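> Right, I'll just put the structure down here and ask away after.
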Amino acid sequence: MNISHILVHLGFTEAQQKVYLSLLYDGEAGARMISSRTGITRTSVYDQIETLKDRGLVADYTTEGATTFLVKDPEQIVRLLKEDIDVTQGHIAYAQDILPTLQKRVSSDQPRIVFFEGVEGIKQMMKDMLWHDGIMLQIYWSYSETLKVFGEDFLLWFNSRRIKNEIAVQAIWPVGMKKKKDHIFADRDRLVERRYVTCADVPAMSYIIYEDKVLFLSSAREAFGYVVTSREHATLQRMQFQALWKASKV
């Protein structure tokens, strides 16, 4: 068994496998370089990249107008397998066994900013947190706006998985001059501390701090998000969150 067998099981085409394996084993690259490595046309490379991005396997960043593609997180393979109810335990065991080796290939101390567009991309960013058991999320949560983005069903599903994985939350909810009494999660949360800050104009964006990452979420109108992976940035954002937490009301 090898990675290609797992990718086949997950439904990836031969071209998509070639692009992913090129990024995994040969490192991040632009479309032209991927085309040279794989023998796939540059136009087709972009098509394969879109599918890989949709499945959470590949991300990109832009520097001086040039776009570079990279493997987002090798553990996403395991996540996709676990989401497939027909997957065999042998596939999962193999993917987990080789995960440390794959992580070494793509690990980097360099900070990164990864952008996502559309509601599905934003939902994928939220799902990624659920694979970090026992962590703390520090959230500035513009509730009414995020409800428009995700919908009630997704938020309830996310919360149930969060509780199952023992993920704790400190949440600051900006509210208008008249605070609403009823919210989703209000009477059924576990591992949650919530405070409120009164705003004349409630911001549309939210952010979530976890480990060395800060996830920013836009309103439904703009429908985008981005993750900053940087210990220094997360430390600064956490310090600002704590200052606002102290100034907020229970």
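Since every read-out is calculated from the coordinates, none of them should be taken as a lab result. Note that the coordinates shown come from a computational prediction; the quantities given were computed from them, not determined experimentally. Don't worry about glycine lacking a Cβ; one is built from the backbone with ideal geometry, like all the others, and counts go over all protein chains shown.
> Can you give me the Kirkwood hydrodynamic radius for the stretch 112-247, using every pair of distinct Cα atoms, in Å to one decimal?
The Cα-based Kirkwood calculation yields 15.2 Å.
> Sticking with this one: How large is the dipole of the stretch 193-250 about the Cα centre if only Lys and Arg carry +1 and Asp and Glu carry -1, each at its Cβ, rounded to the nearest 20 debye?
Magnitude of the dipole: close to 220 debye.
> Cross-link list Lys82/Lys246; Lys53/Lys246; Lys72/Lys249; Lys18/Lys82; Lys53/Lys249; Lys82/Lys249: which exceed 32 angstrom alpha carbon to alpha carbon?
Lys82/Lys246; Lys53/Lys246; Lys72/Lys249; Lys53/Lys249; Lys82/Lys249
> Taking Cα centroids, how far is the stretch 53-75 from the stretch 114-133 in Å?
The distance from the Cα centre of the stretch 53-75 to that of the stretch 114-133 comes to 14 Å.
> Using 0.36 nm per residue of separation minus the Cα-Cα distance, give me the extension gain between Ile98 and Tyr196 in nm, one decimal.
30.8 nm
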